[in-house]
Amino acid sequence: MKKNIKKISVFLFSTIFICFIFPAKAAAGYEIPGTCQVQTDTGASGTVKTLDYGYENNTYFSLRDMAMVFKDTDKSFALEITKNSVSLNTGSAYAPVGGENAFWEDDINPDISLRRNEFKVNEETVYYYTLIMKLPSGYYDCFMMAADLAMVLDVNISVPGAGFLQVHTQESFCISPDFLEQAGYFYGVNSVLIGDATTGEIYYGYQSDVPCPIASTSKLMTCLLVMDAIAEGRLTLTEQVTVSDAVQLLSSSADGVIALEAGTQIPVQELLLGALLPSSNECALCLAEAVAGSEEVFVQMMNEKAQELGLSQAVFYNCHGLPFYTEDSVPSKLQNRMSAEDMFRLVSYLLKVYPQITDITSMETARLESLNLEVRNTNPLLHNMPEVTGLKTGTTNRAGACLVTSLVADDGVMEHDLAVIVLGTEDSVERGRVSGLLARYALQVFYTGMEEPEAGAAPRIPGNLPTNAEVAVEQVLRMAKKR
């Protein structure tokens, strides 16, 4: 295999430790203003204002200052920034508004919030968390993470010295999770796994064999059992399901997502949309009752299916992934759990047997006609990467923010489903950022190869994956092609 990955360690420092080298001055608010020097491989350079949000070294960079540095390169971009929105157009000339590439004024004391502001790249909506503030000139500026901007512009970045950032405009964005792990980037994550769900080849794993709470990613197992029922003729997509009292109670609770009233009838197809896109817990419960008659019986089916698929670390207590309280006088708070390896096996099976699930999970929005309601997909990567086809988000206090991502890639012979499992990040901001970086790594490995395993090392392919002769032959051919 190719050994390109070993050559890209420099990007680690731009994505994670850029902020460590920049001088900053203290401020009264939570935003700490500072500056750094940025230079491109074309010789263009300038001072770029920075903001450390909430904590020192949590650094965001001025887009207007960056635009001026990139102005005469192949990666130039134009900007339009308002109080709540950003429009970035690549390949266009930036029109200066004044104040770019200058130091902060002494009386500036930013007090702004990190938000998922409306952000468009070449008129297409993307999802990134940014800071927008009004400048003394009256114009607005947007501050963005260096890694996010590097992904948008498809450039590579290195740090040759303190207070200095080098942008390589002729090099495509690249990432190495091995170096990220060594730098401690995943210390705030429960587990990570990246691989080819079609062949079973694992590209990278971090604590991937350790079971941890999985929150609403549990709904992937729920939908698998629903699809089994449909395939076996026990249920149809058009079949109407009556909302029970238990479903209405869950809907009216703090964990309710879609308002459902007992006695209402909803088709199975719309319940699947509700469970997978906005992560409706009540829709998942409706489906469980439709398949098994009760959630208790359905949970038994979930655990039996887990054993059948060889998910050795998986335990389910309910169909949706919310905390489950026992009936003890001092109740225990239990949550569905699974290792990242188990999740990879589940995703591999689901995408192989029921590939049509991505027809749902790739939708950004959908309409539930029976409820006269439009729902939105909670997966942020659908907006940022055209290869993304799903699959599921999940969040609880104990599980953290989780995201199971599927991507489609084509080797010229057939399409492959790649999978990125990220369990237990601190919040939705980190969930999107970690998953976005690793999704790009998955595509990077698929198309350019990965470094050879050490001599004598066991192949990184888990057992108990759904397979057949065709998949096995394809895997051998692909490995031979890479070599």
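The values are calculated or read from the model by the stated rules, or taken from the named source; none is laboratory data. Predicted model only: the values in this text are computed from it and were never measured. Here the Cβ is made from the backbone with ideal geometry for all residues, glycine too, and neighbour counts use every protein chain on show. Side chains included, ligands, DNA and RNA excluded: accessible areas come from the protein's heavy atoms. Shrake-Rupley method; radii C 1.70, N 1.55, O 1.52, S 1.80 Å.
Considering only Val226, Thr395, Leu381, whose Cα is most displaced toward the positive end of the charge dipole of the chain, charges sitting on Cβ of Lys, Arg (+1) and Asp, Glu (-1)?
Checked the options; the winner is Leu381.
On a 0 to 90 degree scale, rounded to 10, what angle separates helix 281-292 from the longest Cα axis of the chain?
Taking the Cα atoms of the chain, the angle to 281-292 is about 30 degrees.
Taking every Cα atom in region 185-281, find the radius of gyration and the maximum pairwise distance Dmax, and write them in Å.
17.4, 49
Taking 8 Å as the Cα distance limit and 6 or more residues as the minimum spacing, I'd like the relative contact order of the chain as a percentage.
Values: 1030 pairs, mean separation 76.0, N = 483.
Over the chain, the number comes to 16 percent.
Test of understanding: express the Cα radius of gyration of region 284-333 as a ratio to 2.2 N^0.38 Å, with N the residue count. Before the final figure, lay out the partial values.
Values: Rg = 12.0 Å, N = 50, 2.2 N^0.38 = 9.7 Å.
So the Cα radius of gyration is 1.23 times the expected 2.2 N^0.38 Å.
Any idea what log10 I(q)/I(0) is at q = 0.16, 0.24 Å⁻¹ for region 106-210, Debye with uniform C-alpha scatterers and no solvent?
Each listed q maps to, in turn, -1.07, -1.27.
Could you work out how far helix 219-231 tilts from the main Cα principal axis of the chain, as a 0 to 90 degree angle to the nearest 10?
Taking the Cα atoms of the chain, the angle to 219-231 is about 50 degrees.
Report, by chain and number, residues whose modeled amide H sits under 5 Å from the one on Thr264, excluding near sequence neighbours (fewer than 5 apart, same chain).
Result for Thr264 returns Val243.
Treating the beta-carbon of each Lys and Arg as +1 and of each Asp and Glu as -1, no other charges, what is the dipole magnitude of the chain about its Cα centre, to the nearest 20 debye?
Details: 33 positive and 59 negative charges, 182 e Å.
The calculation lands at about 880 debye.
Which entry in (1) 67, 54, 44; (2) 81, 48, 44; (3) 138, 38, 34 is this structure's computed Cα extents along the principal axes in Å?
Working out Cα extents along the principal axes in Å from the coordinates points to (1).
Carbon-plus-sulfur fraction of the accessible area of region 175-232, 1.4 Å probe, in percent?
On the way: 690 of 1490 Å².
Answer for region 175-232: carbon and sulfur cover 46 percent of the accessible area.
Which of Ile175, Met301, Ser348 sits farthest toward the positive end of the charge dipole of the chain, with +1 on the Cβ of Lys and Arg and -1 on the Cβ of Asp and Glu?
The one lying farthest along the dipole's positive direction is Ile175.
If packing is taken as the mean number of other Cβ atoms within 10 Å per residue, what is the order of 87-93, 172-178, 377-383, 43-49, highest first?
Listed from highest to lowest mean packing, they are 377-383, 172-178, 43-49, 87-93.
Take the alpha carbon gyration tensor of region 197-339, find the square roots of its eigenvalues, order them as a ≥ b ≥ c, and report rounded if a/c is under 1.5; if not, report prolate when a/b exceeds b/c, else oblate.
Working: a/c = 1.84, a/b = 1.27, b/c = 1.44.
Note, shape of region 197-339 comes out oblate.
Could you run the Karplus curve 6.51 cos²θ - 1.76 cosθ + 1.60 with θ = phi - 60° over region 104-119 and give me ³J(HN,Hα) per residue in whole Hz, x for Gly and Pro?
4, 6, 4, 8, 6, 9, x, 9, 10, 10, 6, 9, 8, 5, 4, 9
Charges only on Cβ, +1 for Lys and Arg, -1 for Asp and Glu: so what's the dipole of region 221-273 about the Cα centre, in debye to the nearest 20?
Values: 1 positive and 7 negative charges, 8 e Å.
The calculation lands at about 40 debye.
I'd like to check one number: the per residue accessible area of the chain, probe 1.4 Å, reported in Å² as a whole number. Numbers along the way, then the final one.
Working: 20330 Å² over 483 residues.
I get 42 Å² per residue for the chain.
Among all the aspartates and glutamates, which ones have a C-alpha under 17 Å from Lys83's C-alpha, if same-chain residues fewer than 8 places away are not counted?
Candidates past the 8-residue exclusion: Asp111, Glu118, Asp141.
Just the number, please: carbon plus sulfur as a percent of the accessible area of region 291-435, 1.4 Å probe, no ligands or DNA/RNA counted.
The nonpolar share, carbon plus sulfur, comes to 45 percent.
Of the listed pairs Lys352/Lys392; Lys120/Lys352; Lys75/Lys134; Lys120/Lys219; Lys219/Lys352, which have alpha-carbon separations greater than 23 Å here? Before the final figure, lay out each step's value.
Working: Lys352/Lys392 17 Å; Lys120/Lys352 34 Å; Lys75/Lys134 25 Å; Lys120/Lys219 31 Å; Lys219/Lys352 17 Å.
As for pairs spanning more than 23 Å Cα to Cα, those are Lys120/Lys352; Lys75/Lys134; Lys120/Lys219.
If you put +1 on each Lys and Arg Cβ and -1 on each Asp and Glu Cβ, how big is the dipole of region 186-285 around its Cα centre, in Debye rounded to 20? Walk me through the numbers before you get to the answer.
Working: 2 positive and 11 negative charges, 19 e Å.
Approximately 100 debye in magnitude.
Quick check: at a probe of 1.4 Å, how many percent of the accessible area of region 59-120 sits on carbon and sulfur atoms? Present the calculation step by step, with values, prior to reporting the outcome.
Details: 1210 of 3000 Å².
Answer for region 59-120 is 40 percent, counting heavy atoms of protein chains only.
Using the alpha-carbon centroid of each, what span in Å lies between region 41-96 and region 235-290?
Here the answer is 45 Å between Cα centres.
So for each of 291-303, 218-230, 63-75 I average, over its residues, the number of other beta carbons within 10 Å; can you give me the resulting order with the highest mean first? All intermediate terms of the calculation are to be shown ahead of the outcome.
Details: 291-303: 17.2, 218-230: 22.8, 63-75: 21.1.
Ranking, from highest mean packing down: 218-230, 63-75, 291-303.
Could you tell me the distance between the Cα centroids of region 422-444 and region 390-407, to the nearest Å?
10 Å
What is the log10 of I(q)/I(0) for region 103-151, computed with the Debye formula using one identical point scatterer on each Cα and no solvent, at q = 0.13 Å⁻¹?
Once normalised to I(0) and log-transformed, intensities are -0.37.
Quick one: helix 340-353 against the long Cα principal axis of the chain, what's the angle to the nearest 10°, folded into 0 to 90?
That helix lies at roughly 70 degrees to the long axis.
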